[in-house]
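**Student:** Mind looking over this structure? Questions follow.
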Amino acid sequence: MTFTPRVVAHEALTCADLAALRTLFDREYFDEHGPWDPDHPYGYAPASMHAIVHDAAGTVVAHVGFQPREITVGDSSTVVAVTGGVLVDARFRGRGLDDLAMSAAQAAMRANLDLEYGYLGCREEVVPFYERTGWHRIRVTEQSVSRAPATRRTPTPTPDGAPTPSGTAAPRGIPETSATPETSGMSTPDGTPAMSGTPSTSGTPETILEHGAPVLIYPLRGDVYAWPPGPVDLRGRPW
């Protein structure tokens, strides 16, 4: 079977593209997270570029999204491609389509000369996939803004963001917020994954600090060791 990747700007997505992406994401996440919204995917920052893989019939079978963003790293400003929405249709897993979609996304990142790095956060279980496709893990404290309104999740037996059967990541995990800002749905301060479940909402967006959760970068212009030292401020929501 033939699979074809293409990269599309968010504003250039056709009605057919949006319908196909909605089918892909709803098939995987509807029961847990509700319907996919292209402009507010599960409460996270949306992608501005989409790497989409089609089969011969035109069905969307894999996706990687990214969004250029200027972030703060220590005392420096760095322009990165924050990356998320990595998903392969369960019916087509095991055929390397996650690699194909990621390769297309990375090529589009390199073509944007304003970008210095790809940047993503993920679950511990899927770090090997990203490392295999050229990403490098870094150890940082990460600051972001929770989705509005602020979200608190009731524990359930299954951690949010558990790996899909393909090994690619489910949605990263909605931050859990409390009076203590260092609480998150991704991990406890020692890096242990927090539990998640059905969200209830109240209040306004809050500042979230991540300690120890996996963060990876993909160098686009230079060496991985040129990444600036210090904590990371995403200047907005995670993706």
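**Student:** Less than 9 Å Cβ to Cβ from Val215, Lys/Arg counted +1 and Asp/Glu -1: what total charge do the surrounding residues give? Mind showing how you got there, number by number?
**Tutor:** Details: positive: Arg137, Arg139; negative: Glu142, Glu210.
The answer is 0.
**Student:** Amide H neighbours of Glu206 under 5 Å, at least 5 residues apart or on other chains, H built in the peptide plane: list them.
**Tutor:** Ser146
**Student:** How large is ³J(HN,Hα) for each residue in region 31-39, as worked out from phi by the Karplus curve 6.51 cos²θ - 1.76 cosθ + 1.60 (θ = phi - 60°), to whole Hz, x for Gly and Pro?
**Tutor:** Karplus values, whole Hz, x for Gly and Pro: 4, 8, 10, x, x, 6, 10, x, 9.
**Student:** Please work out whether region 76-126 counts as rounded, prolate or oblate from its C-alpha gyration tensor, where a ≥ b ≥ c are the square roots of the eigenvalues and a/c under 1.5 means rounded, while otherwise a/b larger than b/c means prolate and anything else oblate?
**Tutor:** It is oblate, given that a/c is not under 1.5 and a/b is not larger than b/c.
**Student:** What residues qualify as long-range amide H neighbours of Thr141, i.e. H under 5 Å apart, gap of 5 or more or another chain, H built at 1.01 Å from N?
**Tutor:** The list, which skips near neighbours in sequence, is Val232.
**Student:** Rounded, prolate or oblate: which one fits region 1-56, using the alpha carbon gyration tensor with axes a ≥ b ≥ c (rounded when a/c is under 1.5, else prolate when a/b beats b/c, else oblate)?
**Tutor:** Verdict is oblate for region 1-56.
**Student:** Would you mind checking which residues have amide H under 5 Å from Val86's amide H? H placed 1.01 Å from N; only 5 or more apart, or other chain.
**Tutor:** Gly65
**Student:** Give me the dipole magnitude in Debye, nearest 20, for region 60-108 about the Cα centre, with unit charges on the beta carbon: positive for Lys and Arg, negative for Asp and Glu.
**Tutor:** Approximately 260 debye in magnitude.
**Student:** For region 209-214, just list the computed ³J(HN,Hα) in residue order, Karplus coefficients 6.51, -1.76 and 1.60, θ = phi - 60°, integers in Hz, with x standing in for Gly and Pro.
**Tutor:** Result, rounded to whole Hz: 10, 9, 10, x, 5, x.
**Student:** Could I ask something else about it? Can you classify region 23-87 as rounded, prolate or oblate using the Cα gyration tensor, where a ≥ b ≥ c are the square roots of its eigenvalues, rounded means a/c under 1.5, and otherwise it's prolate if a/b beats b/c and oblate if not? Please report the intermediate quantities before stating the final value.
**Tutor:** On the way: a/c = 3.46, a/b = 1.75, b/c = 1.97.
Oblate is the answer for region 23-87, as a/c is 1.5 or above yet b/c matches or exceeds a/b.
**Student:** Still on this model: Determine ³J(HN,Hα), in whole Hz, for all residues of region 226-239 in sequence, where each value follows from phi through the Karplus function 6.51 cos²θ - 1.76 cosθ + 1.60 and θ = phi - 60°; x replaces Gly and Pro.
**Tutor:** 7, 4, x, x, x, x, 10, 10, 6, 6, x, 6, x, 10
**Student:** Right, something else. With every protein chain kept in the model, how would you rank Arg132, Arg22, Arg237 by accessible area, 1.4 Å probe, largest at the top?
**Tutor:** Correct descending sequence by accessible area is Arg132, Arg22, Arg237.
**Student:** For the pair Asp31 and Arg91, how long in nm is the line joining their label points, each one 7 Å along Cα→Cβ?
**Tutor:** According to this spin-label approximation, the distance is 1.8 nm.
The values are calculated or read from the model by the stated rules, or taken from the named source; none is laboratory data. This structure is a prediction, so every number in the text was calculated from the model and none was measured. Neighbour counts run over all protein chains shown; Cβ positions are idealised from the backbone, glycine included. Each accessible area value is taken on the protein alone, full model and side chains, heavy atoms only, with ligands, DNA and RNA left out. Shrake-Rupley method; radii C 1.70, N 1.55, O 1.52, S 1.80 Å.
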